[in-house]
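All remarks here apply to the structure that follows.
The values are calculated or read from the model by the stated rules, or taken from the named source; none is laboratory data. As the structure is a computational prediction, the values presented were derived from the model and not from experiment. Here the Cβ is made from the backbone with ideal geometry for all residues, glycine too, and neighbour counts use every protein chain on show. For the accessible areas, the whole protein counts, side chains as well, though only heavy atoms, and no ligand, DNA or RNA atoms are used. Shrake-Rupley method; radii C 1.70, N 1.55, O 1.52, S 1.80 Å.
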Amino acid sequence: KNKSLYGGKKVMIKGEVTKFASGIMGKNWSHFQDGTSHEGLYDLMITTQEQVLVGDVVIFEGTVAIDKDFGAGYFYPVIVEAAVIKK
């Protein structure tokens, strides 16, 4: 909700890794869920250089991008990029 408020801002989010793909376009891609939803959407994509496993519960810190289009049908209304794991 109110995604435009977060574009370009650094955020920290705690949740569970539900899917992980490594080394695509020089990044690791993590599907992430924190228990919230908005209009039926509950999955947040996070790009990172970190290695995580499905089921890991972590805190990511990264920068929010809005309406990010990578082409080939990969469009994200909200994505957190260049995230690192915080302890």
| field | Positions within the stretch 12-24 being surrounded by fewer than 13 Cβ atoms within 10 Å (Cβ to Cβ), among the aliphatic types (A, V, I, L, M) and at pLDDT 95 or above, in sequence order | value | MET12, ALA21
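Would you say LYS10 is charged (D, E, K, R) and over 15 Å from LYS86 (Cβ atoms)?
Details: charged (D, E, K, R): yes; over 15 Å from LYS86 (Cβ atoms): no.
Answer is no for this residue.
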| field | Selection from the stretch 34-59 of residues that are open to solvent by 60 Å² or more (accessible area, probe 1.4 Å) and either outside any loop (DSSP other than H, G, I, E, B) or hydrophobic (A, V, I, L, M, F, W, C) (or both) | value | HIS38, LEU41, LEU53, VAL54, VAL57
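Given the residues VAL64, VAL80, VAL84, which is the only one that is in contact with a Gly (Cβ under 8 Å, 6 or more places away or on another chain), assigned to a strand (DSSP E or B) and over 24 Å from SER4 (Cβ atoms)?
Working: VAL64 fails: over 24 Å from SER4 (Cβ atoms); VAL80 fails: over 24 Å from SER4 (Cβ atoms).
That would be VAL84, the only listed residue that is in contact with a Gly (Cβ under 8 Å, 6 or more places away or on another chain), assigned to a strand (DSSP E or B) and over 24 Å from SER4 (Cβ atoms).
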| request: Tell me which residues, restricted to the stretch 1-26, are in contact (Cβ under 8 Å) with a residue 40 or more places away in the chain, among the charged types (D, E, K, R) and assigned to a strand (DSSP E or B). | output: LYS10, LYS14, GLU16
| query | Just for the stretch 60-87: of the residues that are of a type in the set (Phe, Trp, Tyr) and more than 13 Å from LEU44 (Cα to Cα), which one is least open to solvent (accessible area, probe 1.4 Å)? | reply | PHE70
